[in-house]
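Worksheet: the structure to be examined is printed underneath.
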């Protein structure tokens, strides 16, 4: 938004302009947007959001004193910002979050005019890793911006959009959900040309009640896409079949999918087929679940008209299967950012397939699984036994249920 003047920003945000910035060129907009005054850089717009513990708008004056280009806060906090008389922009809106989202929606429209395309990725597990892989596939061919870390909510996604520079060619966004309507809200803001649903699994069951309801919530991405857009789906997923639309271009991935894995080569390369074409890639990873995520990422790239090739060096987001070398030749696989039955099984598969020596699993509670949570944990204990785990350490009351079905050594914490 560097080229947007303060009047345009106010209109886009639906906010009242109470003071324009002084001492800057008329067309010079903010260099970025922040909601945390502690990480604010001079020249950025501070948006004060209300929270459970604190009202961000109460830090408006501190943000201005730190060199903010301006603040977007409630009228109450805007009055305090005006009294500070720092010469910065002061914008007021009764609901700063909806104003932030409107600003992101407007900037997304500007990016479309400039030729940028958006890919939105959701799923019960693996969406962050798929995002990381897709970023690596696109990096050498397009100016690509990727939503950072967990910027995948009604707050984080708008910030990710607003962080994209005007010359962005592909913007890759992650979408998380905790309940009905949230993916629909994010889709309306992002308006993706390509939507990816990595999978549907038992996450957030406590809130949604069934796998069918989880699939319907993920499929809000399908419902919100414009006619002619592309949607990438796991092949043969019956829970999503009822939500497909004839006016979208569908690309399936996985076994029997339009994009499928043909061969794993001894030199670490893989051969992937899309239709009649074969694609040779050399990924920096080899876990089965990430190779499946690679198929989803390749399908998304193909939907953009891009044919990936060669090396695929991926730096995965921290705590998503991160491998750490410890003293004594010990390898720690840190996959504890979040957990559900699908991601837990994938982590155990990774351990089973890559550990050269003793396999030890330290597993904690999987939350939001509803009344069947004890059963899901017992199933994980059984799966850990089947995958050759020799010592299981459980942490938490739910994880302790794994002991009932685990056949080897077990410790509880």
Self-check item: In region 389-410, the residues that are within 25 Å of residue 353 (Cβ to Cβ), touching a helix residue (DSSP H, G or I) at 6+ places or on another chain (Cβ under 9 Å) and surrounded by fewer than 14 Cβ atoms within 10 Å (Cβ to Cβ)
Solution: 407, 408
Exercise. Return yes or no: is residue 30 within 21 Å of residue 108 (Cα to Cα) and in contact with a helix residue (DSSP H, G or I) (Cβ under 9 Å, 6 or more places away or on another chain)?
Key: yes
Exercise. Could you please find all residues in region 136-156 being without any contact (Cβ under 8 Å) to a residue 60 or more places away in the chain, over 19 Å from residue 181 (Cα atoms) and not in a loop (DSSP other than H, G, I, E, B)?
Key: 144, 145, 146
Practice problem: Take the residues in region 176-195 that are under 23 Å from residue 113 (Cα atoms) and in contact with a strand residue (DSSP E or B) (Cβ under 8 Å, 6 or more places away or on another chain), then tell me which one is surrounded by the fewest Cβ atoms within 10 Å (Cβ to Cβ). | Solution: 191
Self-check item: Residue that is surrounded by the most Cβ atoms within 10 Å (Cβ to Cβ), among those in region 96-115 that are over 17 Å from residue 157 (Cα atoms) and touching a residue at least 12 places away in the same chain (Cβ under 8 Å)
Solution: 114
Practice problem: Return yes when residue 49 is surrounded by 24 or more Cβ atoms within 10 Å (Cβ to Cβ), in contact with a helix residue (DSSP H, G or I) (Cβ under 7 Å, 6 or more places away or on another chain), modelled with pLDDT of 95 or more and farther than 20 Å from residue 8 by Cα and no when it is not. | Solution: no
Practice problem: For residue 8, state whether it is at pLDDT 95 or above and touching a helix residue (DSSP H, G or I) at 6+ places or on another chain (Cβ under 9 Å). | Solution: yes
Practice problem: Taking residue 384 as the residue in question, decide whether it is outside any loop (DSSP other than H, G, I, E, B), out of contact with any strand residue (DSSP E or B) (no Cβ under 7 Å at 6 or more places or on another chain) and surrounded by 18 or more Cβ atoms within 10 Å (Cβ to Cβ). | Solution: no
Quiz prompt | residue 184 being part of a loop (DSSP other than H, G, I, E, B) and in contact with a helix residue (DSSP H, G or I) (Cβ under 7 Å, 6 or more places away or on another chain) | solution = no
Quiz item: Looking at region 4-17, is at least one residue over 24 Å from residue 189 (Cα atoms) and surrounded by 13 or more Cβ atoms within 10 Å (Cβ to Cβ)?
Solution: no
Quiz item: Restricting region 298-327 to residues that are more than 22 Å from residue 266 (Cα to Cα) and in a helix (DSSP H, G or I), which is modelled with the lowest pLDDT?
Solution: 327
Self-check item: Failed condition for residue 36, given (1) surrounded by fewer than 19 Cβ atoms within 10 Å (Cβ to Cβ); (2) modelled with pLDDT of 95 or more; (3) over 21 Å from residue 148 (Cα atoms)
Solution: (3)
Quiz prompt | Qualifying position, being in contact (Cβ under 8 Å) with a residue 60 or more places away in the chain and either loosely packed, with under 15 Cβ neighbours inside 10 Å or part of a helix (DSSP H, G or I) (or both), among 271, 222, 214 | solution = 214
Practice problem: Report yes if residue 120 is touching a strand residue (DSSP E or B) at 6+ places or on another chain (Cβ under 6 Å) and either farther than 30 Å from residue 377 by Cα or in a loop (DSSP other than H, G, I, E, B) (or both), otherwise no. | Solution: yes
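The values are calculated or read from the model by the stated rules, or taken from the named source; none is laboratory data. Because the structure is predicted, anything quoted here is derived from the model rather than measured. Positions of Cβ are backbone-derived with ideal geometry, glycine not excepted, and every protein chain shown enters the neighbour counts.
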